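One structure is given here, and the rest of the page talks about it.
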Amino acid sequence: MEALVQFTSDTPSIVPVPTDLLELIAIYTNDAVNQNKLTRTTLGDIIVLSQTSGIPRKFYRQKNDYLIGPAPPVGTVFWVSYYQSAATLIQDSDTNWLTEVAPDLLRYAALCYAADFFLDERTSTFEARYSQIIEALTNQAQQDDLVNASIAGAYQTDGFSNFPDNPTTN
């Protein structure tokens, strides 16, 4: 379900939202020195930030666009990483990421639907197999997330802290 699109900025403060977006993962730039992941902010903040130019740090979604701030130079490359919806299957020969990655899942989902419609006694068998496939795919996705995973602290440790026991503050 993951997709990555590249967009080169013609309008400095706008990156279009992909048409098949279900959920955003990240937006980041190609700046070799300051390659960075942008963070979500409020509309008020982005209006102020988009009036200045510089290294993009923040974004805000407004309808079909992500507003970016500060405004990067024209030609800045953005990558939008996101979860995508599956393309509609119209013709018998059509495919999408679901038919490519998990054709059995699609088959058993269709069998469950058909069994309900035709009051077939095998509904529970089809549902059990469908559930097994979903569980296997979920386990595979979780395992992929854990391979070469990095561990990061829950709090910034840049010398600024409100905790009295932090040795970097006095």
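The values are calculated or read from the model by the stated rules, or taken from the named source; none is laboratory data. Just so we're clear, the structure is a prediction, and the values are computed from it rather than from any experiment. Every residue, glycine as well, gets a Cβ built from its backbone with ideal geometry; the counts of neighbours run over all protein chains shown.
Summary table
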{"read-out": "From Ala109, Ala86, Ala128, Ala149, residue being modelled with pLDDT under 90 and out of contact with any Ser or Thr (no Cβ under 9 Å at 6 or more places or on another chain)", "value": "Ala149"}
{"read-out": "Cβ pairs under 8 Å, 6+ apart, first in the range 83-96 and exposed (fewer than 13 other Cβ atoms within 10 Å of the Cβ), second of a type in the set (Gly, Ala, Ser)", "value": "Asp94/Ala87"}
{"read-out": "Residue in the range 101-116 that is touching a strand residue (DSSP E or B) at 6+ places or on another chain (Cβ under 7 Å), within 27 Å of Thr19 (Cβ to Cβ) and exposed (fewer than 15 other Cβ atoms within 10 Å of the Cβ) present", "value": "no"}
{"read-out": "Cross-chain or 6+ apart pairs with Cβ under 8 Å, the range 14-29 first and under 19 Å from Pro70 (Cβ atoms), then modelled with pLDDT under 90 and hydroxyl-bearing (Ser, Thr, Tyr)", "value": "Val15/Ser9; Thr29/Thr76"}
{"read-out": "Scan of the range 46-82 for residues that are out of contact with any Ser or Thr (no Cβ under 9 Å at 6 or more places or on another chain) and crowded, with 18+ Cβ neighbours inside 10 Å, ordered by number", "value": "Tyr66, Val80, Tyr82"}
{"read-out": "Test: residue in the range 59-68 that is in the same structural domain as Gln6 (by TED's automatic domain parsing) and in contact with a Gly (Cβ under 6 Å, 6 or more places away or on another chain)", "value": "no"}
